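**Student:** Once you've had a glance at the structure underneath, I'll fire off some questions.
The values are calculated or read from the model by the stated rules, or taken from the named source; none is laboratory data. Note that the structure is predicted; figures quoted are calculated from it, not measured. All Cβ positions, even for glycine, are placed from backbone atoms using ideal geometry, and neighbour counts span all protein chains on display. All accessible areas refer to the heavy atoms of the entire protein, side chains included, with ligands and DNA or RNA removed. Shrake-Rupley method; radii C 1.70, N 1.55, O 1.52, S 1.80 Å.
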Amino acid sequence: MPHLFLILAILAYCLSLSSYLRFLYTGKELSGRLGTALLAAGLIAHYFALLERSKGLHTVPYHDLYGSMSLFGWLLALTYLVLEFYHRQRSVGAFVLPFILAFFLAANFAPADRLSPPPAHGPAFAFHVTLSILAYAGFALSCVLSLIFLVENRLLRNRKLGGDMVWRLPALDLLERMSRSSVLIGLISIAIGTILGFVWVDRLPGQQSLYDPKYIITLAVLILYIVYLRLSRTASWRGPRASRLCIFNFAVVILSFTVVNLYLSHSHRYF
């Protein structure tokens, strides 16, 4: 049964989404706890699906587009689960799970674009790639939280409070704190990952990776999110303005992960 863990992960994620939606509409704590438990089960099954595929291809899971997208979905789920426990808030699970499912399913339909093995190996490179993708996951989650903030803020301002679901959404202040926590995870990950990347480059004689455009846009992403963290705590920027800035920053991340990776960089195609 080569696809057993794949099927189990999809089933667990779908059931988790259903439970989170039920919790959002009914407010029943049991549904929320079930959603969390099923998400954890999906993470375990997803991990073994990645491991199974890596063994089958005799390579790392981020060696091609499928692996990179699947690992991103796994780290997105893991980051959300950490924030859920830290902030004790389950109401946004119904909004995050569709993105996790989308990346997991899209990864399975992505072309198996195998590249020749890169001249990279060892723990430094593995942590470099994993932390880079974890940073993308943290920034993606902050973008989702910022979108929820803007929608909820508009509903409150326009007094469109029909139904109890709106009242079960997190307070705006909590959404901001969750977004900042997610950005902090991303910043720490990308900073350490970039340092490990330079350590790895130094071990590759004859490489011109120091001139890779990826480094320029990574520096830009670091600066933009540091600015967001500073401004989001000021009276004049906190709230909708900071949320819009966070969404703009993630647009730059998408640019880095797509255009720069695929067309401008020779050593960062999938991460």
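**Student:** In segment 67-90, which residues are open to solvent by less than 10 Å² (accessible area, probe 1.4 Å) and closer than 17 Å to LEU15 by Cα?
**Tutor:** Answer for segment 67-90, where residues must be open to solvent by less than 10 Å² (accessible area, probe 1.4 Å) and closer than 17 Å to LEU15 by Cα: GLY73, ALA77, TYR80.
This table checks each residue for (1) at pLDDT 85 or above; (2) out of contact with any Phe, Trp or Tyr (no Cβ under 7 Å at 6 or more places or on another chain); (3) assigned to a helix (DSSP H, G or I); (4) among the hydroxyl-bearing types (Ser, Thr, Tyr).
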site: ILE192; (1), (2), (3), (4): yes, yes, yes, no
site: TRP200; (1), (2), (3), (4): no, no, yes, no
site: GLY206; (1), (2), (3), (4): no, yes, no, no
site: TYR228; (1), (2), (3), (4): yes, yes, yes, yes
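**Student:** Residues in segment 221-266 that are open to solvent by less than 80 Å² (accessible area, probe 1.4 Å), over 22 Å from LEU147 (Cβ atoms) and hydrophobic (A, V, I, L, M, F, W, C): how many?
**Tutor:** 4
**Student:** How do the pairs read when you match residues in segment 172-190 that are farther than 18 Å from LEU219 by Cβ and open to solvent by 10 Å² or more (accessible area, probe 1.4 Å) with residues anywhere that are in a helix (DSSP H, G or I) and β-branched (Val, Ile, Thr), using Cβ under 7 Å and keeping only pairs 6 or more apart or on different chains?
**Tutor:** Once the first residue is farther than 18 Å from LEU219 by Cβ and open to solvent by 10 Å² or more (accessible area, probe 1.4 Å) and sits in segment 172-190, its partners that are in a helix (DSSP H, G or I) and β-branched (Val, Ile, Thr) give ILE185/THR79.
**Student:** Any idea which of (1) surrounded by 14 or more Cβ atoms within 10 Å (Cβ to Cβ); (2) at pLDDT 90 or above is the one LEU50 doesn't satisfy?
**Tutor:** (2)
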